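The structure under discussion appears below in the form of structure tokens.
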Amino acid sequence: MGLATNVTDAEYLARYGVNKAQAQQGYRTAAEILPTASKLGDIYATQGAGPYTQQTAEQEIFNVPGAAEAAAKRRKLVGLETAAFSGQAGLGQGALARERAGNF
């Protein structure tokens, strides 16, 4: 999936009740959302949104400490991306708004 993890991270997730199947699914989800969220975190960094990293995705997806802040960061990115393209005919709603209909 192109994401890196290690034994320490696996043990941390296990302490919060994440089993192997949940971790595999969670990392699949992270692999899907991370490229766009990371890119938009960089784009909107000057507006206080970024960065959105693998650790941010892990916090949100696995509901470990920092999950609420991570989810808020992604919601902010969605809002900024949607606002950037709203009211501009022919430009669509932006990458995050399109992905929001799926797993994002």
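Just how far, in whole angstrom, is segment 60-78 from segment 1-59 if you go by their alpha carbon centroids? Their Cα centres are 10 Å away from one another. Only lysines eight or more places from Lys39 in sequence, or on another chain, were considered; those with a Cα closer than 28 Å are Lys73, Lys76.
For the peptides 23-34, 49-60, residues were scored by their other Cβ atoms within 10 Å and the scores averaged per peptide; the highest-first order is 49-60, 23-34.
At a Cα cut-off below 16 Å, give the aspartates and glutamates reachable from Lys20, other chains included and same-chain residues fewer than 8 away excluded. Cα-Cα hits under 16 Å: Asp9, Glu11, Glu58.
Since every read-out is calculated from the coordinates, none of them should be taken as a lab result. It should be emphasised that the depicted structure is a prediction, and the values quoted were computed from it without experimental measurement. FYI the Cβ positions are ideal-geometry reconstructions off the backbone, even for glycines, and counts take in every protein chain you see.
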